[in-house]
Amino acid sequence: MTFNLHRVSTLIHKWMGLLIGLQVLLWIAGGVVMSWFAIQEVRGEHNINPVDMAPLPADEALLPVSQILSAAGQPAASITLRRLADRLVYELEEPGAKPGAQPEEAPSHALFDAKTGQRLSPLPAETALVLALADFSGAADPDAPQLLEAHNLEYRGPLPVWRVVLNDEENTRLYVSPETGRIVARRNAVWRLYDFFWMLHIMDYENRTNFNNPLLIFFSITALLFAVTGIVLIFYRFGRRDFAWLRRSR
């Protein structure tokens, strides 16, 4: 029995088409959706209030760093003086995370009032709401902040975290770190649509983060075979029909 490349390619192409046809359609649809929206809109960056870049006042009576370290009772990997709403604070970061630590086990931070030395973190719900509204430039009718201690489909970062539902036109939710007061995630309707198609695109239906999962690798190899056999079939088709005029002209 002789090997027939045309027949084998047709057989493989047919079965590969049945196997991955729907997934290829989802990949294409996902590519359209992900290229349609500006990444700034997906990330919610278009609704961020401009940051006040005014320099820190030089004449402020601030506590020395040594006193803050003494109040913290532990060493710090870094100390940052910055603004937090209407006050100046020292942000202390503990030494690096343990080897193999997960994102939710990232080095912890502590906030201290730079004038009084009062420890501010973990921040209460009222402060989280103030910080969220200060960050958001749109019209909002926020709910009371909710402290999350477990991940959900929208947020997979360090825990715990304050979630502030703003009830705006884009159904925005801001996630505020109780340790630093920073906005650690911005979610809106466009992000949720984008994330859904991202899930379909990388075929990680649980965490939506693993781009190297076995299912995606298997379907990618199958799609490659589908494309290669398709090219072989196109070659045969061109050889019989589209190039017939070339053979007659010789």
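Nothing in this text is a laboratory measurement; each read-out follows from the coordinates by a stated rule. Because the structure is a prediction, the values reported are computed rather than measured. Note that we place each Cβ from the backbone using ideal geometry, even for glycine, and neighbour counts take in every protein chain shown.
Quick notes on this structure:
- Sites ARG87 and VAL51 - FRET efficiency at Förster radius 22 Å, r taken between beta-carbons, to 0.05: 0.85
- Neighbours of HIS109, meaning other residues whose beta-carbon lies under 10 angstrom from its beta-carbon, give a summed charge of -3 when Lys and Arg score +1 and Asp and Glu score -1.
- For the stretch 216-230, backbone nitrogen atoms closer than 17 Å to the point 7 Å from TYR205 Cα along Cα-to-C-beta are found at 216-220.
- Sorted fewest first by neighbouring Cβ atoms within 10 angstrom, THR80, THR116 come out as THR116, THR80.
- Packing-based ranking, highest mean first, of 44-51, 123-130, 222-229 given that Cβ atoms within 10 Å are counted: 123-130, 222-229, 44-51
- Annotation: extensible slack from PHE37 through GLU126 equals 28.7 nm (criterion: 0.36 nm per residue apart, minus Cα-Cα distance).
- One decimal place: the segment SER70-ILE217 gains 47.7 nm when fully extended, by the rule 0.36 nm per residue minus the C-alpha distance.
- Cα lying deepest toward the dipole's positive end in the stretch 45-187, options ALA185, LEU123, PRO95, charges on Cβ: PRO95
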